[in-house]
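J.: Sharing a structure, written as structure tokens. Questions coming.
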Amino acid sequence: NAGVTQTPKFQVLKTGQSMTLQCAQDMNHEYMSWYRQDPGMGLRLIHYSVGAGITDQGEVPNGYNVSRSTTEDFPLRLLSAAPSQTSVYFCASSYSRRLAVRTDTQYFGPGTRLTVL
Amino acid sequence: GDSVTQMEGPVTLSEEAFLTINCTYTATGYPSLFWYVQYPGEGLQLLLKATKANDKGSNKGFEATYRKETTSFHLEKGSVQVSDSAVYFCALSGSSNTGKLIFGQGTTLQVKP
């Protein structure tokens, strides 16, 4: 298993540009999430999904869109990039709630470092 | 809402010193508690976890005990190594288990030889 993969690893955008950060997992996890990491603020949840076709907002959703058409993929779209979106973005996935034993450990991708000029 | 508070860093220790990183939480119900570690230039890795009160999570010499009475999950290690230098995050997953984690702000640990 490759686990959780993210592309690209690094990206530089100009203000107003749009782009999609890709995230894929091959562990058949139902839950997937996007976080951003900023200095001194830990990780903050942007959007999450509990299954294909179902998404919801996290703590800091403004300026980002998500969709979940398959179990494996959970792309994050920046609609019109702003300097405030300069950050490191992490995608994570975790097990299905259907498992008998509660296993809510999240597995993280390697991150995408985004700079918006 | 749910929240996690960690002691501020950076924490600088000499090799073989004792480590404690404090973590307290606010949550309704019975959350699961986690410590994640981030080595320089890498993503987050699960270090240890505990899913119910009085459980002790342990891994690689690190330990943390889920204390519901004090709403704490402090991370400890008896003898740190230079290779333990990293950022440590305390986190909780709410009792509804929707796959969301709430993180503390992270504590940077630097271990000097």
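The values are calculated or read from the model by the stated rules, or taken from the named source; none is laboratory data. The structure presented is a predicted model; accordingly, all values stated were derived computationally and were not measured. In this analysis, Cβ positions are derived from the backbone assuming ideal geometry, glycine residues included, and neighbour counts consider all displayed protein chains. Side chains are part of the model used for accessible areas, which takes the heavy atoms of the whole protein and leaves out ligands, DNA and RNA. Shrake-Rupley method; radii C 1.70, N 1.55, O 1.52, S 1.80 Å.
J.: Step through the table entries B:Lys68/B:Lys100; B:Lys52/B:Lys112; A:Lys14/B:Lys100; A:Lys9/B:Lys56; B:Lys52/B:Lys77; A:Lys9/B:Lys112, compare each Cα-Cα distance with 27 Å, and write down the pairs that go over it.
T.: In this structure, B:Lys52/B:Lys112; A:Lys14/B:Lys100; A:Lys9/B:Lys56; A:Lys9/B:Lys112 exceed 27 Å between Cα atoms.
J.: Could you work out the relative contact order of chain A, using alpha carbon pairs under 8 angstrom and six or more residues apart, expressed as a whole percent?
T.: Answer for chain A is 35 percent.
J.: Counting only heavy atoms of protein chains, what accessible area per residue, in Å², does the protein assembly as shown have with a probe of 1.4 Å?
T.: Each residue of the protein assembly as shown exposes 47 Å² on average to a 1.4 Å probe.
J.: Give me the percent of the accessible area of chain B that comes from carbon and sulfur atoms, probe 1.4 Å, all protein chains in place.
T.: Here carbon and sulfur together make up 48 percent of the probe-accessible area.
J.: Shifting gears a bit: Using the 2.2 N^0.38 Å rule of thumb for compact globular proteins, work out how chain B stacks up: its C-alpha Rg over that value, please.
T.: In units of the globular-protein estimate, chain B measures up at 1.02.
J.: A further question follows. Roughly how big is the A-B contact, given as buried accessible area in Å² (both sides, 1.4 Å probe, nearest 100)?
T.: Buried: approximately 1700 Å² between B and A.
J.: Under 8 Å for C-alpha pairs, at least 6 residues apart: give me the relative contact order for chain B, rounded to a whole percent.
T.: Normalised by residue count, the contact order of chain B is 37 percent.
J.: Ordering B:Lys68, B:Lys77, B:Lys56 by accessible area with a probe of 1.4 Å, largest first, what comes out?
T.: Highest to lowest solvent-accessible surface, that is B:Lys56, B:Lys68, B:Lys77.
J.: Okay, moving on. Amide H neighbours of B:Ala17 under 5 Å, counting only residues 5+ apart in sequence or on other chains, H built in-plane at 1.01 Å?
T.: Excluding prolines and chain starts, which carry no amide H, the hits are B:Val80.
J.: Please report the relative contact order for region A:18-83, taking Cα pairs under 8 Å with a sequence separation of at least 6, and give it as a percent rounded to a whole number.
T.: Reported relative contact order: 36 percent.
J.: Still on this model: Once both labels are modelled 7 Å past Cα along the beta-carbon direction, what's the A:Met27-A:Thr5 spacing in nm?
T.: Each label point lies 7 Å from its Cα, and together they span 1.6 nm.
J.: So if R0 is 30 Å, what FRET efficiency would A:Thr70 and B:Gln45 give, r being the distance between their Cβ atoms, rounded to the nearest 0.05?
T.: So the FRET efficiency works out to roughly 0.70.
J.: So, one more: Can you tell me the FRET efficiency between A:Ser84 and B:Thr71 if r is taken as the Cβ-Cβ distance and R0 is 30 Å, rounded to the nearest 0.05?
T.: 0.40
J.: Further, regarding this structure: How large is log10 of I(q)/I(0) for region A:1-96 at q = 0.11, 0.20 Å⁻¹ when the intensity is taken from the Debye formula with one equal scatterer per alpha-carbon?
T.: Scattering profile of region A:1-96, log10 relative to I(0): -0.29, -0.97.
J.: Compute the distance from the alpha-carbon center of region A:1-70 to that of region B:20-64, in whole Å.
T.: 23 Å
J.: Then there's this: Please give the FRET efficiency for B:Val82 paired with A:Lys14, using the beta carbon to beta carbon distance and R0 = 45 Å, rounded to the nearest 0.05.
T.: After rounding, the FRET efficiency stands at 0.65.
J.: Could you work out what % of the accessible surface of region A:4-69 is carbon and sulfur, using a 1.4 angstrom probe and leaving DNA, RNA and ligands out of the count?
T.: 48 percent
J.: Any idea of B:Glu63's accessible area? Nearest 10 Å², probe 1.4 Å.
T.: Its accessible surface works out to 80 Å², give or take rounding.
J.: Please report the antiparallel percentage of the DSSP beta bridges confined to chain B, to the nearest 5.
T.: Counting only bridges with both partners in chain B, antiparallel ones make up about 90 percent.
J.: Can you give me the orientation-averaged projected area of the convex hull built on the Cα atoms of the protein assembly as shown, in nm²?
T.: Mean projected area for the protein assembly as shown: 12.5 nm², to one decimal.
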